[in-house]
Amino acid sequence: MPTDEVVLDWRGPVSDAEIVDLTESHGGNPEPGWWDRVRGHSLGWVTARSSEGQLVGFVNVAWDGGGHAFLIDTKTRPSHQRQGLGTAVVRRAVEEARAAGCEWLFVDFEPHLETFYLESCGFRPTAAGLVHLADS
């Protein structure tokens, strides 16, 4: 990833509208107002901005207020995918969670993202449980 083209920032300013736009850029279904509700529960987040200031990457780090953090909502604009940006954003989140004193950083992902999280980002597989609350 050319570092002179994209700037990563920890807890940098980002608006709900920018998150909606980034989510729509890759075919996601954004929920306007989501970021405004979630931000207060976050340890922090990583933004990646192009030299023009456009939000091209993002990841949120939620936490329990102690030693456990949770990586959620990793997003990369399609024009910047497959260039190492997603990996760089996640690595920065890992560094910042470690610096904040977290002992564990969890991530859930769909099977097609296994190579990204396990091989590119250094996560290791673990057994976990899941209840889909909408079906219960």
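The values are calculated or read from the model by the stated rules, or taken from the named source; none is laboratory data. Here the structure is a predicted model, which means the values were calculated and not measured. Here the Cβ positions follow ideal geometry from the backbone for every residue, glycine too, while neighbour counts run over all protein chains shown. Ligands, DNA and RNA are excluded from the accessible area calculation, which covers all protein heavy atoms including side chains. Shrake-Rupley method; radii C 1.70, N 1.55, O 1.52, S 1.80 Å.
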Margin query: Using the crude model of +1 on Lys and Arg Cβ and -1 on Asp and Glu Cβ, and no other charge, please compute the dipole size for the chain relative to its Cα centre, in debye to 20.
Written below: 280
Checklist line | For the chain, calculated [θ]222 nm from helices alone, where every DSSP H run of n ≥ 4 adds -39500 (n - 2.57) | finding: -6500 deg cm²/dmol
Next item on the list: Hey, can you grab everything whose amide H is under 5 Å from the amide H of ARG77? Only 5+ residues off in sequence or another chain; H modelled, so Pro and N-termini drop out.
Entry: GLY57
Next item on the list: Could you tell me what percent of the DSSP beta bridges with both partners in the chain are antiparallel, to the nearest 5?
Entry: 80
Notebook entry, point to check: How much accessible area does SER51 have with a 1.4 Å probe, in Å² rounded to the nearest 10?
Noted result: 90
Check: Based on the alpha-carbon gyration tensor of the range 70-136 and its eigenvalue square roots a ≥ b ≥ c, which shape applies: rounded if a/c is under 1.5, prolate if not and a/b is larger than b/c, or oblate?
Finding: oblate
Next item on the list: Counting only heavy atoms of the protein chains, get the accessible area per residue of the chain (1.4 Å probe) and round it to a whole Å² value.
Entry: 61
Notebook entry, point to check: LEU133 accessible area, nearest 10 Å², 1.4 Å probe?
Noted result: 140
Margin query: Show me the trypsin sites (Lys or Arg not before Pro) within the range 24-86 that DSSP assigns to loop and that have at most 14 other Cβ atoms within 10 Å of their Cβ.
Written below: ARG82
Next item on the list: Can you tell me the relative contact order of the chain? Whole percent, Cα pairs under 8 Å, sequence separation 6 or more.
Entry: 21
Checklist line | Sparse-neighbourhood loop sites, GluC sites (Glu not before Pro) in the range 14-77 - DSSP loop, at most 15 other Cβ within 10 angstrom | finding: GLU52
Next item on the list: Can you bin the chain into rounded, prolate or oblate? Criterion: square roots of the alpha carbon gyration tensor eigenvalues sorted a ≥ b ≥ c, rounded for a/c under 1.5, prolate for a/b above b/c, oblate for the rest.
Entry: rounded
Notebook entry, point to check: So for the chain, taking the charge dipole from beta-carbon charges (+1 Lys/Arg, -1 Asp/Glu), which of THR74, SER120, VAL61 sits furthest toward the positive end?
Noted result: SER120
